[in-house]
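The values are calculated or read from the model by the stated rules, or taken from the named source; none is laboratory data. As the structure is a computational prediction, the values presented were derived from the model and not from experiment. Quick reminder, even Gly has a Cβ in these numbers, built from the backbone with ideal geometry, and neighbours come from all protein chains shown. Only protein heavy atoms, including side chains, enter the accessible area calculation; ligands, DNA and RNA are left aside. Shrake-Rupley method; radii C 1.70, N 1.55, O 1.52, S 1.80 Å.
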Amino acid sequence: AVAADGLAPLVLGGDHSITYPAFEAVRDRCDAILHVDAHSDTYDELIGDRRSHASPFARISELPDPPKIVQLGLRCMTPQLRAQAKRFDIASIEMRDFPETRRELRDALDRLLPAGAPRLYVSVDLDALDPAFAPGVSHHEPGGMSTRQLVDVLQAIPPRCSVAAADLVEYNPDRDVNGVTAMVAAKICKELVALLAAGEGR
């Protein structure tokens with residue numbers, strides 16, 4: 001309903017399976033996806049389920065005229081996932097290659113995102129963060145981003161781009177410690193709302 005009214009939605013998860021239907025609702029206004037995550041979520045299926053949290057970006061990539069997908073923060077790549085990235089022409093920056101400065105980060109995003117003035121769908125999985133910063137997720141993957149680095153990613157989106165829709169997923173309160181992850185999630189929500197508000201003004 002929000003998308004039908006022409007508003008810019010921010011969808012809160014839940015696991016990452018919500019991204020496929022959420023993107024389908026706004027695909028006519030999004031040219032590319034910026035996906036921040038420890039995992040690429042491009043498995044063809046998980047235990048027979050082709051619409052699980054492990055597969056949303058495979059399903060999106062199979063759509064007619066799919067968006068360009070750029071992934072940041074990955075640190076769980078397998079030969080199968082690398083083959084999927086090649087098949088779907090997905091660009092990525094793995095965590096081991098994460099830019100050291102904000103300028104390098106902005107330059108990398110400017111290079112990887114489509115030319116012109118693309119409208120972005122931004123999808124943030126909280127497990128992109130190192131468990132030290134976000135223990136309240138279902139899948140702990142050490143070696144991740146700091147909260148500062150994740151904020152830098154969002155603030156490094158090139159000015160030529162606009163954010164048309166976004167989601168924030170995978171918060172698990174049962175695994176949180178003293179509300180640390182909830183507080184980080186609230187901060188990332190504020191950053192996403194600011195991007196959406198700026199995008200609506202373009």
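Is at least one residue of the stretch 142-152 surrounded by 24 or more Cβ atoms within 10 Å (Cβ to Cβ), closer than 24 Å to residue 9 by Cα and touching a Gly at 6+ places or on another chain (Cβ under 6 Å)?
no
Consider residue 34 against the criteria (1) over 19 Å from residue 138 (Cα atoms); (2) surrounded by fewer than 20 Cβ atoms within 10 Å (Cβ to Cβ); (3) touching a residue at least 40 places away in the same chain (Cβ under 8 Å): it satisfies all of them except one. Which criterion is unmet?
Of (1) over 19 Å from residue 138 (Cα atoms); (2) surrounded by fewer than 20 Cβ atoms within 10 Å (Cβ to Cβ); (3) touching a residue at least 40 places away in the same chain (Cβ under 8 Å), only one is false for residue 34: (2).
If the requirement is being open to solvent by less than 40 Å² (accessible area, probe 1.4 Å), of a type outside the set (Lys, Arg), in contact with a helix residue (DSSP H, G or I) (Cβ under 9 Å, 6 or more places away or on another chain) and touching a residue at least 24 places away in the same chain (Cβ under 8 Å), which of these qualifies: 114, 67?
67
With the requirement that a residue be polar (S, T, N, Q) and in a loop (DSSP other than H, G, I, E, B), what does the stretch 36-84 give you?
40, 42, 52, 55, 78
Consider the stretch 8-20. How many of its residues are over 20 Å from residue 199 (Cα atoms) and in contact with a strand residue (DSSP E or B) (Cβ under 9 Å, 6 or more places away or on another chain)? Write out each step before concluding.
Step one: list which residues in the stretch 8-20 are over 20 Å from residue 199 (Cα atoms), which gives 13-18, 20.
Filter once more, keeping what is in contact with a strand residue (DSSP E or B) (Cβ under 9 Å, 6 or more places away or on another chain): 13-18.
So the count comes out to 6.
Which of the residues belonging to the stretch 164-202 are hydrophobic (A, V, I, L, M, F, W, C) and open to solvent by less than 20 Å² (accessible area, probe 1.4 Å)?
Hits for the stretch 164-202 are 164, 165, 166, 168, 169, 184, 185, 188, 192, 196.
Can you say whether residue 96 is open to solvent by 30 Å² or more (accessible area, probe 1.4 Å), farther than 21 Å from residue 41 by Cα, part of a helix (DSSP H, G or I) and not polar (S, T, N, Q), as far as the supplied structure shows?
Taking the combined requirement at face value, the residue does not satisfy it.
Could you list, ordered by first residue, the pairs with Cβ atoms under 7 Å in which the first is in the stretch 142-168 and farther than 11 Å from residue 109 by Cβ and among the small types (Gly, Ala, Ser) and the second is assigned to a strand (DSSP E or B) and open to solvent by 30 Å² or more (accessible area, probe 1.4 Å), at least 6 apart or interchain?
What qualifies is 162/119; 164/119; 166/10.
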